[in-house]
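See structure below.
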Amino acid sequence: MRLKESTRKYILLGMILFTVIGLISAKVVAKGQNDEFLTEDMLYQQASQLFNQGDYAEAATLIDELLLKQPDLEVVNYLGGLIAAGNDDYSKGAILLQKTLDINPHKVEDEMFMLQFGELLFFAERLEDAKVVLEKCRDSGWTSETYPMYQERVTELLTQIENMQ
């Protein structure tokens, strides 16, 4: 099949036009995603800063908004769990740290995460779960430069669990 010269020009023009429209659409969509990312990053940074300053109530407002937008981000769930703990909402904190672990199973090897998770489970009165996590901390022999009393804290919590059961 032979195409006329004018037909080939229209096909080429159509392909060029299709490519240009595709590039413009991609740029518009990317701009929207970039703006959304920047907004969410700003929310996370503000929540983190408020948490570090001890303003847990305001930090909770921001992190809850971010959890609605990005419920499957590890760092958002982790910070949300710590903020919930700061607000004495240990059940919510334990749930968010469990979700963090579900998203990233390698957190089971992070000694500070595991201690925080064990403490939250303990304060949420999920003693059997806390015992499992804290025994992992003890049996792993972890220590932390940022928390020199790591193993002592683990032993203290495990002793309290034994005394409560």
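The values are calculated or read from the model by the stated rules, or taken from the named source; none is laboratory data. Only a predicted model underlies this, so the values are computations on that prediction, with no experimental measurement involved. Cβ placement follows ideal geometry from the backbone for every residue including glycine, while neighbour counts extend to all protein chains displayed. Side chains included, ligands, DNA and RNA excluded: accessible areas come from the protein's heavy atoms. Shrake-Rupley method; radii C 1.70, N 1.55, O 1.52, S 1.80 Å.
Relative contact order for the chain: 11 percent, from Cα pairs under 8 Å spaced at least 6 residues apart, divided by residue count. Averaged per residue, the chain has 65 square angstrom of accessible surface, using a 1.4 angstrom probe with ligands and nucleic acids left out.
In debye, nearest 20, what is the charge dipole magnitude of segment 20-147 about its Cα centre with +1 on Lys and Arg Cβ and -1 on Asp and Glu Cβ, if you could check? Display every interim value, and only then the final one.
On the way: 10 positive and 23 negative charges, 70 e Å.
For segment 20-147, the charge dipole is close to 340 debye.
Given the alternatives (i) 15.6; (ii) 9.2; (iii) 10.5, mean projected area of the Cα convex hull in nm² as computed for this entry is given by (i).
So what is the relative contact order of segment 1-96, in percent, for Cα pairs below 8 Å that sit 6 or more residues apart? Mind dumping the intermediate values first?
Values: 58 pairs, mean separation 16.5, N = 96.
About 17 percent, as a whole number.
Taking the accessible area of segment 12-124, probe 1.4 Å, and keeping the other protein chains in place, the carbon and sulfur fraction comes to 63%. Charge tally for Gln165 (other residues, Cβ to Cβ under 15 Å; Lys, Arg +1; Asp, Glu -1): -3.
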